[in-house]
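Everything below concerns the one structure shown next.
The values are calculated or read from the model by the stated rules, or taken from the named source; none is laboratory data. For clarity, every value in this text was computed on a predicted model and none was experimentally measured. Neighbour counts run over all protein chains shown; Cβ positions are idealised from the backbone, glycine included. For accessibility, only protein heavy atoms count, side chains too; no ligands or nucleic acids. Shrake-Rupley method; radii C 1.70, N 1.55, O 1.52, S 1.80 Å.
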Amino acid sequence: MRKMNKADSKRFSDTISAAGSMTLFLLFAVCCLIIIAVAASAYERISVNYEDTFNGAAAVRYVTNKLRACDSAAVAGGDVIVLFDEGYKTIIYERDGVIYERLFPDGSEVVPDGGEAVFRAEGYSVKEYGSGLISISAEGDGGRVFKAYCRLPEGRRSV
């Protein structure tokens, strides 16, 4: 049997220390890679869901906020909403899955054509119920339907 001297003991402890350090570093690197993979997967799911819901939900919120901000409003023929403010009218309408908005000066004829594209939203619809209540709905890219109910502001006018 051979007896360990101080030099052999020192080399052995240095080897064990280096192996332990490398093992801890490897464990740290593996944990970092796992965390990065999980975070990337979560980000992808969130991103896809956000894109699926953004257009439909944002379109419905946009139209309801415009309704709440105007002086008066009217639903004109199907999915066309006319908003009245002092000095001008705004028309919001849908064509081929795109919601458009256009401004007109007071006294001019309102035509649902030539507006600025605001949102892409399939299945956009406006339904008027009695006593000034309307529902606004739009479909997101993933097929999810977003709906909001809103009261037309007081002082309704005919178009």
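For the reader, a short list of remarks on this structure follows.
- Flag for Ile81 being surrounded by 19 or more Cβ atoms within 10 Å (Cβ to Cβ), in contact with a Phe, Trp or Tyr (Cβ under 7 Å, 6 or more places away or on another chain) and free of Cβ contacts under 8 Å to residues at least 60 places away in the same chain: no
- Set side by side, the residues Ile81, Ile34 differ, and just one is of a type in the set (Val, Ile, Thr) and closer than 21 Å to Ser131 by Cα, which is Ile81.
- Matching entry among Arg95, Arg102 (being open to solvent by 40 Å² or more (accessible area, probe 1.4 Å) and modelled with pLDDT of 90 or more): Arg102
- Among the candidates Gly20, Gly56, the residue that is touching a residue at least 12 places away in the same chain (Cβ under 8 Å), farther than 19 Å from Leu133 by Cα, part of a helix (DSSP H, G or I) and not polar (S, T, N, Q) is uniquely Gly56.
- Selection count, the stretch 66-78, where residues are under 25 Å from the mean Cα position of the chain (by Cα) and either open to solvent by less than 30 Å² (accessible area, probe 1.4 Å) or closer than 17 Å to Leu133 by Cβ (or both): 4
- Exclusive hit being at pLDDT below 85, within 21 Å of the chain's Cα centre (by Cα) and open to solvent by less than 30 Å² (accessible area, probe 1.4 Å), set Gly132, Gly140: Gly140
- Where a residue in the stretch 110-127 is on the phi > 0 side of the Ramachandran plot and its partner, wherever it lies, is among the aromatic types (Phe, Trp, Tyr), with Cβ under 9 Å and at least six apart: Gly114/Tyr100
- Whichever residue in the stretch 54-65 is closer than 16 Å to Ser125 by Cβ and either hydroxyl-bearing (Ser, Thr, Tyr) or out of contact with any strand residue (DSSP E or B) (no Cβ under 9 Å at 6 or more places or on another chain) (or both) and, among such residues, is least open to solvent (accessible area, probe 1.4 Å): Thr64
- Residue match in the stretch 68-79 (condition: in contact with a Cys (Cβ under 9 Å, 6 or more places away or on another chain), assigned to a helix (DSSP H, G or I) and at negative phi): yes
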